[in-house]
Amino acid sequence: MATERLVLLSSREIAKMRQAGRLAAELLLHLEPMVKPGVSTLEINDEAERWTLAHGAKSAPLGYKGFPKSLCASVNEVVCHGIPNAKQILRKGDIINIDVTPLVDGYHGDTSKTFFVGEPSPIAKRLVEVTEECLRRGIAEVKPGARTGDIGAAIQEYAEAQGFSVVRNFAGHGVHRVFHTEPEILHYGKRGTGKKLRQGMVFTIEPMINEGTWEVEILADGWTSITKDGKLSAQFEHTLAVTDSGVEILTLP
Ligand code: MF3
Ligand code: CO
Ligand code: CO
């Protein structure tokens, strides 16, 4: 989805990204208590939309390339881009990734987490924990002079050592005034390859890790991506800035 040129953000622009990132993180915290058996993904969407507008922001996903709702809600075998739906009722034992992107004063804050609905199965718990650790290890690679391939390699090495697989069809992305732009951040790859990171780059890392095969299918709605084998998929996402000496996570409350 890299569609525009790679830009380096000024400290003024990074301050704007920090505001957007904080609102995104606070939105996830606000939605978390709604993640309960019996709640529909549309109810979560509608509360997110209301809360976002009440905080003077807009939901960037709504209408983005035709996406019909305000957030992505991806349950169990849904890898990403699940469309909130009144008929999709959360059940005990489900896992659900909620991915939000408020647009605050022209800047996007993009973050997601995978939540448990009630008590998770042992495999769901392990997949979600490993996926969060993949994001943490990817972030730990970020500093000026490192390469995008270092991030992907760190994620792939850990996920595969744990017996899981890394989705290849979707990537992290530059994000600022533009929702999806350069650089592309693959969640697999080789150390020492890819673009060199520089202070002022802002991008997401958002690994999707599968229980079984990494292969996905897109449903007829044109958005919903599911695992080809129907097994579980989890995802975590942060928006990050490369600083003079390392990394700043922008999507923290
Ligand atoms: N927030 C998603 C991402 O992490 C993008 C969603 S695009 C949408 O890149 F149109 F599906 F909302
Ligand atoms: Co996102
Ligand atoms: Co993203």
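Compute the relative contact order of the chain as a whole-number percentage, counting only Cα pairs closer than 8 Å that sit 6 or more residues apart in sequence.
Details: 676 pairs, mean separation 62.9, N = 253.
After rounding, I find 25 percent.
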Taking 0.36 nm per residue of separation and subtracting the Cα-Cα distance, what length does fully extending ALA54 through LYS190 add?
44.6 nm
Expressed in µm² per second, the diffusion coefficient of region 124-253 from the Stokes-Einstein equation, with Rh the Kirkwood radius over alpha carbon pairs, at 4 °C and 1.567 mPa s, is 87
Region 1-65 pair-distance distribution - Cα-Cα, 5 Å bins, rounded %:
3, 13, 20, 19, 19, 13, 8, 4, 2, 0
Keeping every protein chain in place, order SER121, SER11, SER40 by accessible area at 1.4 Å, biggest value first, i.e. largest first.
SER11, SER121, SER40
Got the relative contact order for region 64-110 handy, in percent, Cα pairs under 8 Å and 6 or more residues apart?
34
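Taking N as the number of residues in the chain, what is its alpha-carbon radius of gyration divided by 2.2 N^0.38 Å? Provide the component values of the computation, followed by the final result.
Working: Rg = 16.9 Å, N = 253, 2.2 N^0.38 = 18.0 Å.
Computed over Cα atoms of the chain, the ratio equals 0.94.
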Principal axis lengths of region 30-97 from Cα atoms, whole Å, largest first?
34, 25, 17
For region 170-206 and region 86-117, what is the separation of their C-alpha centers, rounded to whole Å?
21
Here the gain from full extension of GLN162 to SER245, 0.36 nm per residue of separation minus their alpha-carbon distance, amounts to 26.8 nm
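The values are calculated or read from the model by the stated rules, or taken from the named source; none is laboratory data. On a predicted model such as this, the values are computed, not experimentally measured, just so you know. All accessible areas refer to the heavy atoms of the entire protein, side chains included, with ligands and DNA or RNA removed. Shrake-Rupley method; radii C 1.70, N 1.55, O 1.52, S 1.80 Å.
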